[in-house]
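The values are calculated or read from the model by the stated rules, or taken from the named source; none is laboratory data. A quick note: this is a predicted structure, and the numbers were derived from the prediction, not measured. Don't worry about glycine lacking a Cβ; one is built from the backbone with ideal geometry, like all the others, and counts go over all protein chains shown. Keep in mind that these areas ignore ligands, DNA and RNA; they rest on the heavy atoms of the full protein, side chains included. Shrake-Rupley method; radii C 1.70, N 1.55, O 1.52, S 1.80 Å.
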Amino acid sequence: MVLPLPLELPVLPAPRERAFIVLMDPDASLDSYLAVVEGDPALTAAVLRAANSAHAWPIQPARSARDGVVRLGTTAVRHLIIATLVRSEFASVEAA
């Protein structure tokens, strides 16, 4: 069985494309994750929300993307990026 392909394949916005490139690199640096987070307002909001949550035990609030990425670390930021990208893709499918 062959599935028909759409006539036009969707193109990812540049920030989302950069996010996937960083996610595929197992040796990505903290600065690479920071560049991805700073390039996408939804990712910045997700990181700041997580960094300032009770789970992160903040003594002082994270006020910048850098503060949030450093507080959470690359593993947690990686999970947040994946969750945010997947959530936004499902939202666009529901809207269609």
Those residues that are crowded, with 19+ Cβ neighbours inside 10 Å and assigned to a helix (DSSP H, G or I), I need them from segment 54-69; list them, please. 65, 68, 69
Would you confirm, using the coordinates I've provided, whether residue 26 is in a loop (DSSP other than H, G, I, E, B), free of Cβ contacts under 8 Å to residues at least 40 places away in the same chain, open to solvent by 50 Å² or more (accessible area, probe 1.4 Å) and closer than 25 Å to residue 13 by Cβ? yes
Test: residue 23 is in contact with a Phe, Trp or Tyr (Cβ under 8 Å, 6 or more places away or on another chain), modelled with pLDDT under 95 and not hydroxyl-bearing (Ser, Thr, Tyr): no
Scanning segment 1-20 for residues that are open to solvent by 80 Å² or more (accessible area, probe 1.4 Å) and modelled with pLDDT of 85 or more gives 18, 20
Hey, among 85, 72, which residue is over 17 Å from residue 14 (Cα atoms), in a helix (DSSP H, G or I) and either touching a residue at least 24 places away in the same chain (Cβ under 8 Å) or open to solvent by less than 40 Å² (accessible area, probe 1.4 Å) (or both)? 72
Write out, first by first residue and then by second, each pair whose Cβ atoms fall under 7 Å of each other, whose residues are 6+ apart or on separate chains, and whose first residue, in segment 32-61, is more than 11 Å from residue 18 (Cα to Cα) and of a type outside the set (Asp, Glu) while the second is part of a helix (DSSP H, G or I) and at pLDDT below 90. 42/84; 42/88; 43/84; 46/84; 50/56
Among residues of segment 38-53, those that are in a helix (DSSP H, G or I) and open to solvent by less than 90 Å² (accessible area, probe 1.4 Å), counted: 9
Kindly establish whether residue 78 is surrounded by fewer than 19 Cβ atoms within 10 Å (Cβ to Cβ) and over 20 Å from residue 13 (Cα atoms). no
